[in-house]
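Visitor: If you scroll down you'll find the structure; I have some questions about it.
The values are calculated or read from the model by the stated rules, or taken from the named source; none is laboratory data. Since this is a predicted model, take the numbers as computed values, not measurements. Don't worry about glycine lacking a Cβ; one is built from the backbone with ideal geometry, like all the others, and counts go over all protein chains shown.
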Amino acid sequence: MTDTPTPSLARREIDERARLFAGTGEMKGRCRSLDWATTPLGKVEQWPQSLRTIVVTILDSAFPNIVLWGPDLIQVYNDGYRELMGHKHPWGLGIATRDCWPEAWAFNAPIYQRVLAGETVAFDDVCIPLMRYGAIEDFWFTLSYSPLRDDSLAISGVLVAVVETTSRVEAQKLEAEREQLLTQVQLERSRLTDVFEQAPMAVAVLTGPDHIYTIVSPAYARYAGNRTLIGRAFRDAVPEAAEAVLLMDRVYRTGEPVRRAEEVVPIDRDGDGVPEEYIFNVSYQPLRDRAGVVYAITSLSTDVTEQVRARGVADAAAGDVAHARKQLELVFSQAPTAIAVREEPQHRFVLANPSYLRLVDRESLVGQTAREAFPELEGQGIFE
């Protein structure tokens, strides 16, 4: 006696597979060609009607489904699930799910126990580490685990409906990270704006080779006559100060900062078309991106017009005083009368004209006290 199937029995099994798994699709073709007798499920013609029905149902479904049948939870899956198998396809057809997915067994085993006890279990966007492409990676799924009953209505398997949500979850995570970064950028920008608004000097950031205003402090806006600046190129917004464009062009081109002290800049603050000259201490600093490329310029300026003009007035007054002193000294030196000027309390000589020096027979007296100049008069009550 031999267990080798007769040609007629083998033919009948092949025909049954062809009938049960008829139709197009890769997994129907693989189910037709697989010798199920070599698997724990056995010959297809011996499958219970309930198993045959659910397998045919999932093979016709466009959604990813897998049937886990029997004590070892043998896998039968459709074309949709095939995409989730990765490198484990087609090897995973007809083998125990624990052998196919050992890395997920700790997650799935308790769920299978609950389902085999009659419970239905579902998850939304659950993360399961899987080795689909040679290395364990995190994947996200929406899953439904349902009990499958045999012809006697006893629970004999598990139906798993799967939708992979990895792309959506990762996109949501990236979006959340982007929103977080955007919030952080907005916070930092707000802080920077606060610094600019409270800065004692005028600050502006001008972006690109055309020097477009992107940030303007209140002080800078006042310096420019409170005209519209944001979003405009410097040459269009402040055309009367065109020479400043040459300096900014140089900074943008060379990446080297430029500083100017007491730079005279014409500005039409009143908007009457007639620029007035103002004086600024100006600094243009390059801003670089992570690659080191200049993408913007920071303009820092302080209006020193009043200080410079006040200094000019003071210098002029000092010049007038010096001129008057020289005139006075000239009058003293040419006066025929002996004249000397002394400061109290030490009677220190400030001026002494030639006539006075001749009178007292001295060559110089300026800077000396009377006691130092005339020691011979000590004790005569003159210095008390």
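Visitor: Every residue in the range 177-221 that is touching a Gly at 6+ places or on another chain (Cβ under 9 Å) and either crowded, with 18+ Cβ neighbours inside 10 Å or among the basic types (Lys, Arg) (or both), please. Talk me through it step by step, then tell me what you get.
Guide: Step one: of the range 177-221, the residues touching a Gly at 6+ places or on another chain (Cβ under 9 Å) are 212-214.
Within the range 177-221, 212, 213 qualify.
Visitor: Having 1 or more residues that are at pLDDT 95 or above and surrounded by fewer than 14 Cβ atoms within 10 Å (Cβ to Cβ) is the bar; report the helices (runs of 4 or more DSSP H) wholly within the range 64-139 that clear it.
Guide: Once the helices (runs of 4 or more DSSP H) in the range 64-139 are filtered for at least 1 residues that are at pLDDT 95 or above and surrounded by fewer than 14 Cβ atoms within 10 Å (Cβ to Cβ), what remains is 105-116.
Visitor: Applying the selection to the range 365-379, what residues are in contact (Cβ under 8 Å) with a residue 12 or more places away in the chain and not charged (D, E, K, R)? Give the steps one after another, and end with the answer.
Guide: Here is the first cut: in the range 365-379, the ones in contact (Cβ under 8 Å) with a residue 12 or more places away in the chain are 365-371, 373-374.
Answer for the range 365-379, where residues must be in contact (Cβ under 8 Å) with a residue 12 or more places away in the chain and not charged (D, E, K, R): 365, 366, 367, 368, 369, 370, 373, 374.
Visitor: Let me ask something additional. From the residues in the range 223-237 that are within 12 Å of residue 211 (Cα to Cα) and not aromatic (Phe, Trp, Tyr), which one is surrounded by the fewest Cβ atoms within 10 Å (Cβ to Cβ)? Spell out the reasoning first.
Guide: Here is the first cut: in the range 223-237, the ones within 12 Å of residue 211 (Cα to Cα) are 229-237.
Next, only the ones that are not aromatic (Phe, Trp, Tyr) stay: 229-233, 235-237.
Details: 229: 21, 230: 12, 231: 9, 232: 16, 233: 18, 235: 14, 236: 12, 237: 19.
Within the range 223-237, the match that is surrounded by the fewest Cβ atoms within 10 Å (Cβ to Cβ) is 231.
Visitor: Is there a residue in the range 17-27 that is touching a Phe, Trp or Tyr at 6+ places or on another chain (Cβ under 9 Å), in a helix (DSSP H, G or I) and basic (Lys, Arg)?
Guide: Taking the range 17-27 first, the residues touching a Phe, Trp or Tyr at 6+ places or on another chain (Cβ under 9 Å) are 17, 20, 27.
This time we only want the ones that are in a helix (DSSP H, G or I), so: 17, 20, 27.
Of the ones still in play, those that are also basic (Lys, Arg) are 17.
Yes, some residue in the range 17-27 is touching a Phe, Trp or Tyr at 6+ places or on another chain (Cβ under 9 Å), in a helix (DSSP H, G or I) and basic (Lys, Arg).
Visitor: From 84, 93, 41, which residue is in contact with a Ser or Thr (Cβ under 9 Å, 6 or more places away or on another chain), within 26 Å of residue 30 (Cα to Cα) and in the same structural domain as residue 27 (by TED's automatic domain parsing)? Spell out the reasoning first.
Guide: Numbers: 84 fails: in contact with a Ser or Thr (Cβ under 9 Å, 6 or more places away or on another chain); 41 fails: in contact with a Ser or Thr (Cβ under 9 Å, 6 or more places away or on another chain).
Among 84, 93, 41, only 93 is in contact with a Ser or Thr (Cβ under 9 Å, 6 or more places away or on another chain), within 26 Å of residue 30 (Cα to Cα) and in the same structural domain as residue 27 (by TED's automatic domain parsing).
Visitor: Something else now. Do we have residue 258 as touching a strand residue (DSSP E or B) at 6+ places or on another chain (Cβ under 8 Å) and under 17 Å from residue 202 (Cα atoms) here?
Guide: Details: touching a strand residue (DSSP E or B) at 6+ places or on another chain (Cβ under 8 Å): yes; under 17 Å from residue 202 (Cα atoms): yes.
Criteria met by residue 258.
Visitor: Counting only residues that are touching a Lys or Arg at 6+ places or on another chain (Cβ under 7 Å) and under 19 Å from residue 225 (Cβ atoms), which one in the range 238-270 is surrounded by the fewest Cβ atoms within 10 Å (Cβ to Cβ)?
Guide: 242
Visitor: Scanning for something over 30 Å from residue 87 (Cβ atoms), in the same structural domain as residue 48 (by TED's automatic domain parsing) and part of a strand (DSSP E or B), does the range 154-176 turn up at least one residue?
Guide: Yes, there is a match, as at least one residue in the range 154-176 is over 30 Å from residue 87 (Cβ atoms), in the same structural domain as residue 48 (by TED's automatic domain parsing) and part of a strand (DSSP E or B).
Visitor: Follow-up. With the condition kept exactly as written, say whether any residue in the range 157-173 is without any contact (Cβ under 8 Å) to a residue 60 or more places away in the chain, closer than 23 Å to residue 74 by Cβ and out of contact with any helix residue (DSSP H, G or I) (no Cβ under 6 Å at 6 or more places or on another chain).
Guide: We begin by selecting, within the range 157-173, every residue without any contact (Cβ under 8 Å) to a residue 60 or more places away in the chain; these are 165-173.
From the residues that got through so far, the ones that are closer than 23 Å to residue 74 by Cβ too are none.
Within the range 157-173, not a single residue is without any contact (Cβ under 8 Å) to a residue 60 or more places away in the chain, closer than 23 Å to residue 74 by Cβ and out of contact with any helix residue (DSSP H, G or I) (no Cβ under 6 Å at 6 or more places or on another chain).
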